[in-house]
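J.: Here it is, the structure, as structure tokens.
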Amino acid sequence: MLVLITYDVNTETTDGKKRLRKVAKECVNYGKRVQNSVFECVMDAATSRLVKEKLINIIDEKFDSIRFYYLGNNYKTKVEHYGIDNTFDVEGVLLF
């Protein structure tokens, strides 16, 4: 399923900047950054729960927020994109 993860981490403090880096690093492990604080992640339900738990443990709920949008397996009909597209097939093989 496609899970869209969005977050807003308060970076007014050093701790906030550290949390922002940790959240971004964790998201990069599971999906593709499509905007500054937005990741598209194709994952199964178990992985989704694991990632959600990890991210919730990183943020400070008094200052930060994170959202998970579950677009399901038929997400290709639910996503529209306009403008520059530096993307790849999120379900394809990645070679570095």
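J.: What is the extension gain from T14 to Y69, computed as 0.36 nm multiplied by their sequence separation minus the C-alpha to C-alpha distance, in nm to one decimal? Present the calculation step by step, with values, prior to reporting the outcome.
T.: Working: separation 55, 0.36 × 55 = 19.80 nm, distance 2.86 nm.
Once the chain is fully extended between T14 and Y69, it gains 16.9 nm.
J.: Once both axes come from the Cα atoms, what is the angle between helix 14-28 and the longest principal axis of the chain, in degrees from 0 to 90, rounded to 10?
T.: Compared with the principal axis, the helix lies near 20 degrees.
J.: I've got another one for you. Can you compute the helix-only [θ] at 222 nm over the chain? Use -39500 (n - 2.57) per DSSP H run of at least 4 residues, normalise by all residues, nearest 500 deg cm²/dmol.
T.: My calculation for the chain gives -10000 deg cm²/dmol from helical runs alone.
J.: Once you've got the Cα coordinates, tell me which of K32/K52; K52/K76; K17/K76; K18/K76; K18/K54 are over 26 Å apart. Present the calculation step by step, with values, prior to reporting the outcome.
T.: Details: K32/K52 16 Å; K52/K76 22 Å; K17/K76 34 Å; K18/K76 34 Å; K18/K54 15 Å.
Over 26 Å apart, Cα to Cα: K17/K76; K18/K76.
J.: If you don't mind, there's one more thing I want to ask. Between L20, L71, L50, find the one with the highest GNM mean-square fluctuation for the chain; connect C-alpha pairs within less than 10 Å.
T.: Highest fluctuation of the listed residues: L50.
J.: To the nearest 10 square angstrom, what accessible area does V42 show with a 1.4 Å probe?
T.: Surface accessible to solvent at V42 totals approximately 50 Å².
J.: Looking only at E53, E40, E12, which one moves most when the chain is put into a Gaussian network model with springs between Cα atoms under 10 Å?
T.: E12
J.: Would you mind checking the tilt of helix 45-58 against the longest principal axis of the Cα atoms of the chain, expressed as 0 to 90 degrees and rounded to 10?
T.: Approximately 20 degrees, to the nearest 10.
J.: Let me ask something else about it. Pairs of alpha-carbon atoms within less than 8 angstrom and 6+ residues apart define the contacts here; what relative contact order does the chain have, in percent? List each step's numbers first, then the result.
T.: Values: 113 pairs, mean separation 39.9, N = 96.
Over the chain, the number comes to 42 percent.
J.: How many percent of all Cα-Cα pairs in the chain sit more than 18 Å apart? Spell out each step's value before the answer.
T.: Values: 2137 of 4560 pairs.
Counting every Cα pair in the chain, those more than 18 Å apart make up 47 percent.
The values are calculated or read from the model by the stated rules, or taken from the named source; none is laboratory data. The structure displayed is predicted, hence computed values, not measured ones. For the accessible areas, the whole protein counts, side chains as well, though only heavy atoms, and no ligand, DNA or RNA atoms are used. Shrake-Rupley method; radii C 1.70, N 1.55, O 1.52, S 1.80 Å.
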